[in-house]
Amino acid sequence: MSRRLVLVYAALLIALVVVGGLAVSLGSVRLPLGQVWRIVLEPVVPWIEQDWTSARAAIVFDSRIPRVVGGMLVGAALALSGAVAQLVTGNPLADPYLLGVSGGAGFAVSLTIVLGIGAGTVGLPIVAFLGGLAALLVVLAVSGRSGSVTTLVLGGLAVGQVAFAMTSFVLHAFGTGDQAKQVLFWISGGLGGVRWDSLPVPAAVLVIGLIIAVAAGRWMNVLHSGDDAAAALGINARVFRTFCLIAISLLAGTAVSVAGGIVFVGLLVPHAATFLVGSEARRLLSVSALLGAVFLVAADLVARLVVAPSELPVGVLTALVGGPVFLVMLRRRRRIA
């Protein structure tokens, strides 16, 4: 492991601790950062002097820490899925949102809510995965064998918009007041509804996905060099790419089931990670996941503070930042072409 990579990991871990601490400390009720750490450490260091009320401890343990952990998991999952998408498609503009995966997952979750099926914290990620996978299969069918960047991106955007329209139709035709609020949450994307019981499935999916992705990093490097290079080494590029895209659907669908449609994280974070550690897959995937966790927790903190005491959905903030950046990237690619 190079010295630069060690420094990057150390810096990101420190940033994650600092941003996480601030996210627990700041909000509608501001808690001193030192008191936050004492509340967190009190279960394992019982001799710490208790200078807080039970209400403050409940805010820390029942509301803000689950939200921060959820932001870490969702940010890491979206960034990891975006990095895998860009590596296996050879398309620097690929991410779960632009491939239609997030839109399909969001529609499936919204439909489940409106129909009152009650999938629960375990069933909801499965529903989101199936919805994201269905949308991805449609995009791949539209793009065919051409592998065109333009066709893939435009197909994904079209499928995403159709999924959004179907979500709106179901909401207006069948949704009640409470259901409408829940569906609007999925559309906007936010971490306000994250609780402890919604975290085990995303955590397991992320850990397993990261381990498998890093283990398959060598094959992704070969695939990134082209299908001919992969075939020369005995790798069935089409099968491997399909497997990776299914994994993307699982990661992104699970993230959507927890936090709704948070856009552009999977597009922007892998490019920042590439700037830090280069394009070698194993380094890029692990750093993307860590950087995605830092980014989304920080973005959620800003979204909570920018219109305080109200709260801006973090998906709105990432769209406001990611949209212009995406346009700049498209313009640069047009100049290169």
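The values are calculated or read from the model by the stated rules, or taken from the named source; none is laboratory data. As the structure is a prediction and not an experimental result, all values here were calculated from the model. Counting neighbours? That spans all protein chains shown, and the Cβs are built from the backbone with ideal geometry, glycine included. The area values use the complete protein model at the heavy-atom level, side chains included, leaving out ligands, DNA and RNA. Shrake-Rupley method; radii C 1.70, N 1.55, O 1.52, S 1.80 Å.
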Restricted to the range 190-244, and to residues that are closer than 23 Å to Ala141 by Cα and basic (Lys, Arg), which residue is nearest to the chain's Cα centre (by Cα)? Arg241
Residue among Val18, Val45 that alone is open to solvent by 30 Å² or more (accessible area, probe 1.4 Å) and either of a type in the set (S, T, N, Q) or outside any helix (DSSP H, G or I) (or both): Val45
The range 140-162: number of residues that are modelled with pLDDT of 85 or more and either buried (at least 21 other Cβ atoms within 10 Å of the Cβ) or within 19 Å of Thr254 (Cα to Cα) (or both): 2
Just to verify a result, which residue in the range 175-203, among those that are in a helix (DSSP H, G or I), open to solvent by less than 50 Å² (accessible area, probe 1.4 Å) and hydrophobic (A, V, I, L, M, F, W, C), is modelled with the highest pLDDT? Ala203
Only one of Leu223, Leu245 is more than 22 Å from Ser102 (Cα to Cα), open to solvent by less than 60 Å² (accessible area, probe 1.4 Å), assigned to a helix (DSSP H, G or I) and at pLDDT below 90; which? Leu223
Residues being of a type in the set (D, E, K, R), touching a residue at least 60 places away in the same chain (Cβ under 8 Å) and part of a helix (DSSP H, G or I): count how many of those fall in the range 296-336. 3
Entirely in the range 50-118, the helices (runs of 4 or more DSSP H) that have 3 or more residues that are open to solvent by less than 40 Å² (accessible area, probe 1.4 Å): 65-89, 101-115
In the range 310-318, is there at least one residue being open to solvent by less than 20 Å² (accessible area, probe 1.4 Å), charged (D, E, K, R) and within 18 Å of Leu191 (Cβ to Cβ)? no
Is it the case that Val36 is of a type outside the set (Gly, Ala, Ser), farther than 25 Å from Val306 by Cβ and buried (at least 16 other Cβ atoms within 10 Å of the Cβ)? no
